[in-house]
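Notes to accompany the following structure.
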Amino acid sequence: MPRTIVESRSRTAVIGFDEPFCVIGERINPTGRKMLATELEAGIFSTVESDALEQVSCGATMLDVNAGVVYNSNPDPNQTEPPLMRKLIKLVQSVVDVPLCIDSSVPAALEAGLEQCEGRPLVNSVTGEEERLETILPLVKKYNVPVVAISNDDTGISEDPDVRFAVARKIVERAADHGIAVHDVVVDPLVMPVGAMATAGNQVFSLVRRLREELDANTTCGASNISFGLPNRHGINSAFLAMAICSGMTSAIMNPTRPQEMEAVRAANFLTNNDRHGSEWIKNYRPPQERSASELPIRERRRRRAR
């Protein structure tokens, strides 16, 4: 079974078929977060620090770090993203000790993050586009890190799941040409919004099973994409996560501060025997009065201290 090893300076996370689902916290990303983008452009990092702490407190196994701010004064990401990525990685590592996922479409920003990061981070990401393959895979090999492989190529994102599987296979094969083992390639089969494509959920579940059975590959996704544009998004996300885990998905970039979604992940871990004896389920859901302060979410700890 493939085991993707990701490390910080003091902790190891394992993404694998027989491991608990790897929750990759998505919050340190200015995309779609106007206030965070404004803060980062102004050199204010308090939200990043609090988001890092809260996500880990709520159960994140890893944290995704994205520095994609569009600066009004300098819109060139090749100039702005690398130094900001360094700052974010340094800050996040100073407040939490979980492994990181370095997230950028700018190769220079990925390398800046790799140079700053302690341990063995996950790189997000490479696609099937020729230019990306020839730029990112040598970087992945140079730093000996795992990489997220997104199933689109020069033709764009296909609605045909067979095409997306073929792109994933291509990336895995090209990675092997660079000496990168399949256990260091975590495939993102791409989640379409179910509100726009009724078969989106079934496509992902089927693709995850194929990627596991035919490529022996670990998988991930941007879980919230499934509910885009719909009401009660967290209800849909929760059901999607549980079903994806039961189909064989081994990680997701998601929001761990949403209790409903984390509950679905923990229940799926228990039901797939990746939470032995239900220890994590019991620790998180037994009555609060029976839990020690260190076991409580950060919000509950603050509430108790304020009494």
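Within the bounds of segment 92-104, is there any residue that is without any contact (Cβ under 8 Å) to a residue 40 or more places away in the chain, touching a strand residue (DSSP E or B) at 6+ places or on another chain (Cβ under 8 Å), of a type in the set (Gly, Ala, Ser) and closer than 23 Å to Pro30 by Cα? Yes: one or more hits. For segment 210-220, the criterion of being open to solvent by less than 50 Å² (accessible area, probe 1.4 Å) and hydroxyl-bearing (Ser, Thr, Tyr) is met by at least one residue.
For the condition open to solvent by less than 50 Å² (accessible area, probe 1.4 Å), under 29 Å from Leu215 (Cβ atoms) and out of contact with any Pro (no Cβ under 6 Å at 6 or more places or on another chain), Val98 qualifies. Of all the numbered requirements in (1) under 21 Å from Cys58 (Cα atoms); (2) open to solvent by less than 60 Å² (accessible area, probe 1.4 Å); (3) modelled with pLDDT of 95 or more, Gly248 misses one, and that requirement is (1). If you filter segment 147-166 down to residues that are over 16 Å from Ser105 (Cα atoms) and either in contact with a Lys or Arg (Cβ under 6 Å, 6 or more places away or on another chain) or touching a residue at least 40 places away in the same chain (Cβ under 8 Å) (or both), you find that the one that is surrounded by the fewest Cβ atoms within 10 Å (Cβ to Cβ) is Ser158. When Val172, Val186 are checked against the criterion of being in contact (Cβ under 8 Å) with a residue 60 or more places away in the chain, hydrophobic (A, V, I, L, M, F, W, C) and surrounded by 15 or more Cβ atoms within 10 Å (Cβ to Cβ), a single residue qualifies: Val186. If you go through segment 107-120 one residue at a time, do you hit one that is in a loop (DSSP other than H, G, I, E, B), in contact (Cβ under 8 Å) with a residue 40 or more places away in the chain and closer than 16 Å to Arg9 by Cα? Yes, segment 107-120 has at least one match.
Looking only at segment 27-81, which residues are within 20 Å of Glu261 (Cβ to Cβ), without any contact (Cβ under 8 Å) to a residue 40 or more places away in the chain, of a type in the set (Gly, Ala, Ser) and outside any loop (DSSP other than H, G, I, E, B)? Ser50, the sole residue that qualifies.
In segment 135-142, the count of residues that are exposed (fewer than 14 other Cβ atoms within 10 Å of the Cβ), at pLDDT 95 or above and either of a type in the set (A, V, I, L, M, F, W, C) or not in a helix (DSSP H, G or I) (or both) is zero.
Of the residues making up segment 230-278, those that are in contact with a Ser or Thr (Cβ under 8 Å, 6 or more places away or on another chain) and of a type in the set (A, V, I, L, M, F, W, C) are Ile236, Phe240, Ile245, Cys246, Met249, Ala252, Ile253, Met254, Ala264. Could you give every pair whose Cβ atoms fall below 7 Å, whose first residue belongs to segment 205-219 and is in contact (Cβ under 8 Å) with a residue 60 or more places away in the chain, and whose second residue is in a helix (DSSP H, G or I), counting only separations of at least 6 or pairs across chains? These pairs meet every condition: Asp216/Val182; Ala217/Val172; Ala217/Val182; Ala217/Leu211.
The values are calculated or read from the model by the stated rules, or taken from the named source; none is laboratory data. Please read all numbers here as calculations on a predicted model, not as lab measurements. Methodologically, a virtual Cβ is constructed for each residue, glycine included, from the backbone with ideal geometry; neighbour enumeration extends over all protein chains shown. Just so you know, the surface numbers come from the protein's heavy atoms only, side chains and all, with ligands and any DNA or RNA stripped out. Shrake-Rupley method; radii C 1.70, N 1.55, O 1.52, S 1.80 Å.
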